[in-house]
1. Is at least one residue of region 2-9 open to solvent by less than 30 Å² (accessible area, probe 1.4 Å), in contact (Cβ under 8 Å) with a residue 40 or more places away in the chain and assigned to a helix (DSSP H, G or I)?
2. Kindly indicate which of E639, E632 is of a type outside the set (S, T, Y), in contact with a Pro (Cβ under 7 Å, 6 or more places away or on another chain) and modelled with pLDDT of 90 or more.
3. Quick check on my filter: what residues within region 398-420 are over 29 Å from the mean Cα position of the chain (by Cα) and outside any helix (DSSP H, G or I)?
4. Does region 377-391 include one or more residues that are over 27 Å from G509 (Cβ atoms) and free of Cβ contacts under 8 Å to residues at least 24 places away in the same chain?
5. So, in region 54-109, exactly how many residues are small (G, A, S), open to solvent by 70 Å² or more (accessible area, probe 1.4 Å) and assigned to a helix (DSSP H, G or I)?
6. Of (1) closer than 26 Å to I104 by Cβ; (2) touching a strand residue (DSSP E or B) at 6+ places or on another chain (Cβ under 9 Å), R289 satisfies all except one. Which?
7. Report, ordered by the first and then the second residue, all pairs with beta carbons closer than 6 Å, sequence separation of six or more or different chains, a first member in region 332-348 that is farther than 15 Å from N563 by Cβ, and a second member that is surrounded by 16 or more Cβ atoms within 10 Å (Cβ to Cβ) and among the polar types (S, T, N, Q).
8. Within region 147-161, which residues are within 25 Å of the chain's Cα centre (by Cα) and surrounded by fewer than 16 Cβ atoms within 10 Å (Cβ to Cβ)?
Amino acid sequence: MNEQHLDDLNEAQRIAVETIDGPVLVLAGAGTGKTRVLTTRIAHILLHRYAWPSQVLAVTFTNKASQEMKERISRLIGHSAEGLWLGTFHSLCVRILRHHSELIGLKSNFTILDTDDQLRLIKQLLKAEELDDKRYPPRQVLGCIGRWKDRGLLPEKVTAAQMSKSGYVGDENTLKIYKDYQQRLQILNAVDFGDLLLLAVTLFTTHPSILKTYQDQFKYILVDEYQDTNIVQYLWLRLLAMGNQNNLCCVGDDDQSIYGWRGAEIGNILKFEEDFPGAKIIRLEENYRSTPQILGVASTLIAHNSSRLGKTLRTQRDVGDPVQVRGVWDGEEEARFVGEEIENFHRKGETLSSMAILVRASFQMREFEDRLITLGVPYRVIGGPRFYERQEIRDALAYLRVVMQPNDSLAFERIINTPRRGIGNSTLQTLHAYARINLISLVEATRILLETDELRGQAKAALNSLLLDFDRWRSMLEKVPPKELTGIILDESGYTAMWLEDKSPDAPGRLENLKELAAAVGQFENIASFLEHVSLIMENSVISQGDMVSLMTLHAAKGLEFNTVFLAGWEEGVFPNPRALTEAGEGGLEEERRLAYVGLTRAKKRAIITFAVNRRLPGEWQSSMPSRFIDELAREHVEFINQPGIFGRRRGVWEETVALQERPHSGLLYDQLALKTTTSLFSLGDRVFHIKFGYGRVTEISGDKLDVHFEHTGPKKVMASFVVRK
């Protein structure tokens, strides 16, 4: 047989394609051609007629990946692979469940509910049980149920231990709602997305003959992105792979497991050999994407993780430029530097689409967006809306707009019941009708109707309170600084509390964005100037097609590649994310390190890491230290960029990029950057200034350490390099 489909494979890839019997784990490092291996392996099975298309099950994580694989397979075999079971976990389970729906109490035409329908149903059940939706927010209850389903738990399988892992709403009442929810879904002949896998596993475990049918049918099972599977996906695969053939091939990278926060279990890939005795492990280590410099940095970084199977990436590409690590004064300087570099590379012939800015959290995007818009550089935000287009930002802006302009009916309508105040559609219709008839704004209509009996009960009280709030906030415009007033408005309106009580995965990010918004307002003389600024930049940022810089979080970057990657905000307090460390400890740190590895390996030609000496984090301005991950980079592959004179009044090199707080831990980089002082530059009684503590006087000198009594914060022990004489 013509083996032309194998011609372009390297040795390891070819072994992975041709090893078709028994369990196989293909550890595919970043940029090593895992998709090529998967598609060629399927084509190899079909071309050699080891199985018919209907006897091959191939699982992907996205519909886009499924479509791409189908097209590649068709090109390799020369015709359509009709009959192949290739799709996402959910689509394949739907296919199975529709064939056997009656065995799980459904009809074959069952409906798959979207999130809005699920929330509506949860709200109905909470009301029926007379449960306070403030104590049991519907979205949180639904999220808790979803986590139980991801673990393969039907209501009767949820234990006290499982409840404790599901947040403060995961109690007996939530479990009762889960039971009622499942019963209601059955009555409605409906399922949600979590049910698709859970019910498929239930079908297989309660009807062994059905399971046996599929085990006999699928001679070969292939799984992409195995490191991202959760427990119920693992159970489904394990059941199918327990057939006589046991020809399971899983492709994944333990070093790119970055979705633990949404249920992915890295243990699934780490214990593959334990789950499938006799499994063959094939490592794809030849990288076709990045330069040796980038791979050297990425490899030494990820080697600090203990929860990994281990592999070393190599490449035959030219050495390339070293990875740059550059310190800047603050976030504004960081955005300015990145913008200038993008323009420089663009002038030298690089397309904008070949460049990307990767950040750890979405709140970091705002300064980059503002800078790119100022420069007139087209950009796209991947994996989410632009900063000023985000739901929470639009809501907050609506509050500010009504404070500044009471007749802004569109803004008032947006937040009239956000957060919920008991103002329903009928009340809103009454206000609209009166406003239209009398040609006045919604706020004016509300003021007038509050003096009548047209509005009653909770709605009337809520509207009266809301207007009084707006009047009070409006009276503070000339007295309270813009940033502080923005925080007051968001807090007193209940909007901040709404997101604090929301336990969905994206709630913390929304809170960070709100704090970043308040910080942005603080850069303007008043709120009116800020709103005008937002209006102008939104007008100038109309999304267009064509050549654009990509801006995204590190999570959204997985699977993508760019010639030039800017990795921004690599400092303690930003990356690693402190919340991840608090919630998951060492496991959280290792996942953050994998995230850094993913970011680095997106770069083909050059990777540029930046950190700021000062970072205005959401809600506060603080001095920053370089991320511990910078200390873990291989020095021989890194160029530390020095910019004398920009970091303070005193001359210095790297010491002032690190400056402004004591080092949290020692390490090679910190030793390299630390100021080496043998003779103190200060005398007792000197008046000094510290960016965090303010003004004070030196009371004691001990080498390069000073005891300073600060005017507002009292006595502190600080490094001499962190203060300047005044």
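The values are calculated or read from the model by the stated rules, or taken from the named source; none is laboratory data. This one's a predicted model, so the numbers in the text were calculated from it and none came from an experiment. Cβ placement follows ideal geometry from the backbone for every residue including glycine, while neighbour counts extend to all protein chains displayed. Note: accessible area is taken over every heavy atom of the protein model, side chains too, but ligands, DNA and RNA are not part of it. Shrake-Rupley method; radii C 1.70, N 1.55, O 1.52, S 1.80 Å.
1. Residues of region 2-9 open to solvent by less than 30 Å² (accessible area, probe 1.4 Å): 5-6, 9.
Within this subset, residues satisfying the condition of being in contact (Cβ under 8 Å) with a residue 40 or more places away in the chain are 5.
With assigned to a helix (DSSP H, G or I) added as a condition, the list becomes 5.
Within region 2-9 (the criterion being open to solvent by less than 30 Å² (accessible area, probe 1.4 Å), in contact (Cβ under 8 Å) with a residue 40 or more places away in the chain and assigned to a helix (DSSP H, G or I)), the answer is yes, since at least one residue qualifies.
2. On the way: E632 fails: in contact with a Pro (Cβ under 7 Å, 6 or more places away or on another chain).
Only one candidate qualifies: E639.
3. Within region 398-420, Q405, P406, N407, D408, I416 meet the criteria.
4. Within region 377-391, the subset over 27 Å from G509 (Cβ atoms) is none.
No, every residue in region 377-391 fails to be over 27 Å from G509 (Cβ atoms) and free of Cβ contacts under 8 Å to residues at least 24 places away in the same chain.
5. 0
6. Only one criterion in (1) closer than 26 Å to I104 by Cβ; (2) touching a strand residue (DSSP E or B) at 6+ places or on another chain (Cβ under 9 Å) is unmet by R289, namely (1).
7. The qualifying pairs are E334/T610.
8. Of the residues in region 147-161, the ones within 25 Å of the chain's Cα centre (by Cα) are 147-152.
Once the filter is applied, which keeps residues that are within 25 Å of the chain's Cα centre (by Cα) and surrounded by fewer than 16 Cβ atoms within 10 Å (Cβ to Cβ), region 147-161 yields nothing.
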